[in-house]
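A short write-up of the structure that comes next.
The values are calculated or read from the model by the stated rules, or taken from the named source; none is laboratory data. Note that the structure is predicted; figures quoted are calculated from it, not measured. Neighbour counts run over all protein chains shown; Cβ positions are idealised from the backbone, glycine included. Areas reflect the complete protein model, heavy atoms only, side chains present, ligands, DNA and RNA absent. Shrake-Rupley method; radii C 1.70, N 1.55, O 1.52, S 1.80 Å.
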Amino acid sequence: MAGQLIQVAGSLLILVPFGLAQLGRLDARRRTSLLLNLAGSSALAADAAVSSQWGFLLLEGAWAIVSAIGLVRRPRT
């Protein structure tokens, strides 16, 4: 049950900002979007690691790394 809750919450943290970006309501490069993506993908990567789902871990781990790099490279404004 807890695993399912983590999966749903993590997915929403990724999908909501993605949907808003597609609708032109949120810039995908903004700190808010990157932080939500990092939180969601990290939660899903951790859940995948616990469940030994290596393909899913690779996918979500890569998204977490890309989000973290985006945050580090983001201009300070």
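Table for the structure above
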| quantity | calculated |
| --- | --- |
| All positions within segment 46-55 that are open to solvent by less than 70 Å² (accessible area, probe 1.4 Å) and either on the phi < 0 side of the Ramachandran plot or part of a helix (DSSP H, G or I) (or both) | 46, 47, 48, 49, 51, 55 |
| Checking residue 8 against (1) surrounded by 12 or more Cβ atoms within 10 Å (Cβ to Cβ); (2) under 13 Å from the mean Cα position of the chain (by Cα), the condition it does not meet | (1) |
| Identity of the residue in segment 11-45, in a helix (DSSP H, G or I) and touching a residue at least 40 places away in the same chain (Cβ under 8 Å), that ends up farthest from the chain's Cα centre (by Cα) | 31 |
| Qualifying residues in segment 1-16 (those that are at pLDDT below 90 and among the small types (Gly, Ala, Ser)) - the one nearest to residue 59 (Cα to Cα) | 3 |
